[in-house]
Every structure is written in C-alpha cells, then in structure tokens.
Amino acid sequence: MTHVLRMGAVAYAPKVVTIWEGFKAWFDERGLAFDYILYSNYERQVEAQFAGEIDLAWNSPLAWERARRIAAARGVKVEAIAMRDTDCDLSSVLVVRKNAGIDTLAALQGKTIGFGAVDSPQATLIPKDHLRQAGMIAGRDYTDRLFDVLGGKHGDHIGGERDAALALMAGEIDAAWMIDGNHQAFANEGTLPAGETRILERTGLFDHCNFTTSPNAPEAIITQFCELLLSMRWDDPVVRPLLELEGLREWRTGRTSGYALLERAVDDEQFYDQQGNILASNYRY
C-alpha cells in the first residue's frame with residue numbers, strides 16, 4: 001500500500017486551504033501521494049509530529065525551535081528540509097513617531113514599547129531580546145504592551161503588529177516593533193503615514209518558516225517531496241498563483257543558521273525550556 005505523505009499546516013487564514021488543495025493536486029499529478037492536516041495552533045502541530053500523526057510540518061520559526069528542543073531531549077532527529085526565498089535574512093524594526101524627540105534607546109527609558117503577540121518571533125521574542133542585549137529589560141527599564149491576538153499562530157498574521165502601529169500613531173505607546181516587511185506594508189497602506197515615523201533600531205538578521213520533518217518520517221517519500229517542491233517554477237501558470245498566495249517566488253533547501261537569534265530569545269525570555277516545555281505563563285493558544 002502506498003504511503004501517503006501527511007503534512008501539517010496551521011490554519012492562520014482561509015487562504016491556507018486554497019494553497020494546500022492546490023499543492024495536493026499538483027503533487028498528485030506527479031506521483032506523490034500527499035495530504036495535509038490543518039491545526040489551529042503550532043503547539044498542537046509540533047506535538048502531532050512527535051505523536052506520529054504527521055510526517056512533515058510547515059512550521060513557524062518558533063515551532064521549529066520547539067521541535068528541535070523536543071527532538072534533542074528525546075534523542076531523535078528532525079530536519080529543516082526546505083523554506084521559501086522570503087524566509088531568509090529578515091529583520092524587525094523599532095518605529096517611533098518622527099517628532100517624538102526619541103533619538104536613542106536611552107530615550108525610551110520609562111516609556112511604553114509596543115510588541116505583537118506574545119508568541120511572535122519577529123514582533124516580540126527577538127525584539128525583546130534585542131533590547132535585553134542593549135541593557136533594557138521589560139518591567140525595569142520600560143513598560144511592554146503586547147498586542148496579543150490569535151494565540152498559538154506564532155505571529156503568522158499581521159494583526160498584532162498593525163494594532164501596535166495604530167496605537168503608536170494614536171499616541172498610546174512611544175514605540176512599536178514590527179517585522180520590516182510589515183513596516184513597509186503599513187507605510188504603503190497609510191497605517192504609518194508618510195513622513196511621520198522613523199526607524200530607531202533594527203534587529204540582526206533571522207530566518208522564518210521551514211518544512212520540518214517528523215521523527216521516523218519515511219526518507220524516500222520526504223526526498224521525493226523535496227525534489228518536487230524545489231522543482232516548482234514561478235513561470236508555471238499552475239504553480240504561480242499558489243506561490244503568490246504563500247508569499248514566495250522559489251523554494252530553497254532548508255537551513256538552520258538563521259535561527260540563532262530566536263534560540264537565544266526563547267531562552268532569555270523563558271518561552272520554552274530545553275525540553276520544549278512551555279514556560280510562558282501568559283501564553284494562551
């Protein structure tokens with residue numbers, strides 16, 4: 001009997017069904033028996049990987065970090081086998097109002113800084129660690145205000161960051177963190193009006209999502225999946241609409257070198273322990 005490759009994905013938006021139905025049909029036409037299972041949150045998806053429910057997961061960077069920790073603690077192997085071109089070398093920015101008189105991080109001492117969801121790598125965890133490395137700790141040096149929406153989605157949505165941007169312009173907070181791509185989008189749509197804000201700080205570079213194998217995933221079918229995935233081309237009229245929905249132009253071989261900032265942030269902000277257990281007391285999913 002043919003083994004069906006079961007992939008997990010998180011339903012962070014309705015388009016997820018369209019994307020994976022399209023990919024399923026495309027894989028099927030090329031001889032790969034493929035199906036997907038949708039989860040409401042990444043924590044459940046990662047746990048499903050270790051329960052043997054799925055062979056592969058389309059994971060957020062935070063979900064990858066949890067899977068890596070669980071695997072290391074249990075003495076099993078998971079791998080990041082593929083990612084989007086748009087998952088590589090990203091950064092987050094700290095935005096202030098242009099005329100607020102905030103020219104340095106020191107000027108934010110005692111002020112309120114806005115973040116995204118509590119589980120957002122790009123709008124909360126990495127930014128908080130960036131501030132920590134500069135000697136600024138939440139609750140001691142500044143007040144942190146989380147715009148905590150869609151728990152368990154690991155910031156795979158624009159909501160919390162947009163809410164923070166709106167609060168910044170309303171004068172409710174003094175600065176706001178957001179991933180650079182969202183900063184550009186907010187400027188284009190007018191959420192951050194032209195000429196009224198500026199970037200105060202920028203994080204180091206980090207990577208985003210990847211396809212993570214589950215322990216004991218069948219190697220042959222994983223190899224077939226990778227070969228087909230990497231063969232997708234932007235100029236293919238069938239594939240291109242799916243790639244556009246998923247936000248990429250090409251798939252790339254996975255790498256893990258871009259997760260160092262998040263690994264440190266998860267430790268410093270005490271989100272997971274070394275065994276992948278959830279430590280964050282204010283996390284609901």
Taking the stretch 14-30 and keeping only residues that are open to solvent by 20 Å² or more (accessible area, probe 1.4 Å) and either of a type in the set (S, T, N, Q) or touching a strand residue (DSSP E or B) at 6+ places or on another chain (Cβ under 7 Å) (or both), one is left with THR18, LYS24, ASP28
State yes or no: is GLY160 in contact with an Asp or Glu (Cβ under 8 Å, 6 or more places away or on another chain), outside any helix (DSSP H, G or I) and open to solvent by less than 50 Å² (accessible area, probe 1.4 Å)? no
**Prompt:** Is it fair to say ALA187 is open to solvent by less than 10 Å² (accessible area, probe 1.4 Å) and farther than 24 Å from TYR272 by Cα?
**Reply:** no
Looking across the stretch 223-244 at residues that are open to solvent by less than 60 Å² (accessible area, probe 1.4 Å) and assigned to a loop (DSSP other than H, G, I, E, B), the single one that is farthest from ASP85 (Cα to Cα) is ASP236
Checklist entry - Does the stretch 127-137 contain at least one residue that is crowded, with 22+ Cβ neighbours inside 10 Å, part of a loop (DSSP other than H, G, I, E, B) and at pLDDT 95 or above? => result no
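Here's the yes/no breakdown for (1) assigned to a helix (DSSP H, G or I); (2) in contact (Cβ under 8 Å) with a residue 40 or more places away in the chain; (3) among the β-branched types (Val, Ile, Thr):
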residue	(1), (2), (3)
ASP144	no, no, no
LEU150	no, yes, no
GLY155	no, yes, no
ILE173	no, yes, yes
MET178	no, yes, no
ALA185	yes, no, no
LEU200	no, yes, no
In the stretch 42-81, anything among the basic types (Lys, Arg), open to solvent by 60 Å² or more (accessible area, probe 1.4 Å) and part of a helix (DSSP H, G or I) is listed as ARG44, ARG68, ARG74
Matching residues in the stretch 86-145 (in contact with a Gly (Cβ under 6 Å, 6 or more places away or on another chain) and basic (Lys, Arg)) number 1
Listed by first then second residue, the pairs whose first member lies in the stretch 233-256 and is of a type outside the set (S, T, N, Q), whose partner is open to solvent by 80 Å² or more (accessible area, probe 1.4 Å), with beta carbons under 6 Å and at least 6 positions apart or on separate chains, are TRP234/ARG240; TRP234/ARG249
So is PHE27 of a type in the set (Phe, Trp, Tyr) and in contact with a Leu (Cβ under 8 Å, 6 or more places away or on another chain) or not? yes
Taking the stretch 1-24 and keeping only residues that are in contact with a helix residue (DSSP H, G or I) (Cβ under 8 Å, 6 or more places away or on another chain) and not aliphatic (A, V, I, L, M), one is left with HIS3, GLY8, LYS15, THR18, GLY22, PHE23
The condition of being of a type in the set (A, V, I, L, M, F, W, C), touching a Leu at 6+ places or on another chain (Cβ under 6 Å) and open to solvent by 20 Å² or more (accessible area, probe 1.4 Å) holds, among ALA33, ALA100, ALA11, only for ALA11
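The values are calculated or read from the model by the stated rules, or taken from the named source; none is laboratory data. Owing to the predicted nature of the structure, the values given are computational and were not obtained by experimental measurement. Cβ coordinates were reconstructed from backbone atoms using ideal geometry, including for glycine residues, and neighbour counts include every protein chain displayed. What goes into the accessible areas is simple: the full protein's heavy atoms, side chains included, and nothing from ligands, DNA or RNA. Shrake-Rupley method; radii C 1.70, N 1.55, O 1.52, S 1.80 Å.
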